[in-house]
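Step one of this worksheet: look at the structure below.
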């Protein structure tokens, strides 16, 4: 009896254990199933949906990621047009995601210092930093800049629909994506449409030079020089020249852009690897036949007296003043500079489509034309707590819809090809047509460590040659020696 | 004896309490003044580039200093700073003295004129630089507009290698002559009128009075003005940076602009620190020399 009771007890215990184990095991499976279901929902929630616009996808996923959490994005930006454009659309993001964006706008000068100091600190205070691409190379290689590749793989930014070359801007030496272009700038020509398109001027030019000029197809070494000379004149008849054929920038740093606009056309098409310097060898490449030719072309126009006399003080800001006050027939600068005069504006003597036209910069006969591209790029800091949301914000900002929205409402330079071709956008910003026409041949400023130093050296010797203080050969020798010394400083 | 001890203790505590009062200020000075200076000295002996992580941080001894002394740009900057400082301060002294002499005899409205003359001095240097860009603009500047009215040739002020530094000097003289004027006016007002009355009784003219009474009496006032202005002109940065950034062709590349370019455009903090130390040494020598001159009087 006692034995039977014990057996019953053991059996009951085993039954209970089995039942409990079964129940738990079964429940676990259920739970696992539920978890899997949830994961699938989350994956679906966090993944792209077919046909969904990029901006919608970015805000939807960011909202899902931020669910139940108090998330804030901290963005360091410039208060120049690239920053202003972004500030205008931030409320759209905040409304769609509920994620508040805190911005700190700085001037371009402060930005360069701030970015470098933030990164040098090892613990940047911002999730996203936008900065001028000019200083990009040293920044891009900084270990405190986040590798974007895992996020690009998850959420495709569709680089193929952006202007050619923009993706490459953000690639570091190790081949990983570190930056994201959101505001490119193309170097274009503004010209006096009322004069240059005038048939009387055209026939007078033909009579003098023996050919008809085509403003959309000028060449640096011939027709541009002739045109600049032709339009240099004494308008008020007092015996002194008061109107010049052209205006270009020769002020420190800005002069580098003037040089590059020619240099790229002469050289970069054939040697799209290194220009100005060979970064591997740490050697200046300027003192050669191409470098000389570019210098000669430039100085010929200056020596002929066809450029406004204040070129040595003309920088990115001043060139608009020179052209819009009616001092030159042609002028060159990044597209955004000309935005204020593309429509009639009472504060400018020369403005509006009747007086101002936009075209490619000149090129070299027989070669595809190139222009220089510059602009703003942004990156995510390595120590951010919300890399995915930060990435989605950058993706959203560069999405076709937001790109277009910014182009319509501010001085934004779009990244998507479609925005440049949109008739409504072109109606608001006619320079886009000229910018897009040669976007196939965009070249960026050199992606090497000492470009800024190189640029200043080049600027100063351009000023010396333009002033007659140095010959081209002397200038090139000095440029070569000074640039090589800079390479030595960075251990080359 | 007990009373004496008590008095002694009290006296001692009073004697030492100043140390406790001075300590916070001393600590602050050491912390925010001397600390960074020592750090700057340390950095100046290193290869250190803030932006280029490829440039390894390492001890290089006096190499940064050697680099500066063998750089033609440094000597050019040093020469330009000396010219800028000497010419600006001299002109400011002459103009300030003339203004003060003009105003010392005006009894009515002196304060109004004094306030008017002080306006340039109270404008932010950055704003002076921005105004300078427009005032001296070749095409739309007011100076060339006046030149045109007077049928004078148009000058490219800060966009020409030969005239850029002169433009910076003119702008500095415009801004700071009023400061010198203010100091000299105060000095002039402190000269006892009896000196002049005695000189007049002796039959002295305007020039002998100025050279024999006014100038010698104001010797220390002038030395003080020179000391302050030389230090100021040596660290001139704002206006030049806004207007020319050291160009064209390094023609306005003052020593502070050079320092800024090296430290905050090229982020070569090692060389930048070394140059800051050198500037500091120059300033200490100059300051000490001028202060000794002032002290010799006493």
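All of the numbers you see were taken from the coordinates with simple rules; none came from a lab. Bear in mind that the values here come from a model prediction, so they are computed numbers and not experimental data. Ideal geometry is used to build each Cβ from the backbone, glycine not excepted, and the neighbour counts take in all protein chains shown.
A few points about this structure:
- Among B:147, B:67, A:180, the ranking by other beta carbons within 10 Å of each residue's beta carbon, starting with the fewest, stands as B:147, B:67, A:180.
- Alpha-carbon centroid distance for the pair the stretch A:392-431 / the stretch A:173-237, whole angstrom: 26
- Taking all pairs of distinct alpha-carbon atoms in chain B, Kirkwood radius in angstrom: 23.1
- Distance in nm between pseudo-label sites at residue B:206 and residue A:280 (7 Å out along the Cβ direction from Cα): 7.7
- Inter-label distance, residue B:60 to residue A:289: 3.7 nm, where each label sits 7 Å from its Cα along the C-beta direction.
- The simple Förster model, with R0 at 22 Å and r as the Cβ-Cβ distance, assigns residue A:171 and residue A:383 a FRET efficiency of 0.50.
- Each part gets one Cα centre, and for the stretch A:106-123 versus the stretch B:68-104 those centres are 34 Å apart.
- Taking the DSSP bridge list for the protein assembly as shown and keeping only pairs wholly inside it, about 65 percent are antiparallel.
- Dividing the Cα radius of gyration of the protein assembly as shown by its Kirkwood radius returns 1.10 for Rg/Rh.
- Likely footprinting exposure, A:189, B:283, fewest C-beta neighbours within 10 Å first: B:283, A:189
- Here residue A:349 and residue A:79 are evaluated by their C-beta separation; at R0 = 35 Å the FRET efficiency comes out at 0.80.
- In terms of surrounding Cβ atoms within a 10 Å radius of their Cβ, B:102, A:320 rank from fewest to most as B:102, A:320.
- Here residue A:214 and residue A:471 are evaluated by their C-beta separation; at R0 = 51 Å the FRET efficiency comes out at 0.95.
- The length gained on full extension between residue B:82 and residue B:38, counted as 0.36 nm times the residue separation minus their Cα-Cα distance, comes to 13.1 nm.
- Taking the helices alone, chain B has a mean residue ellipticity at 222 nm of -22500 deg cm²/dmol, built from -39,500 (n - 2.57) per DSSP H run of at least 4 residues and averaged over all its residues.
- Relative contact order of chain B, defined on C-alpha pairs under 8 angstrom at six or more residues apart (%): 28
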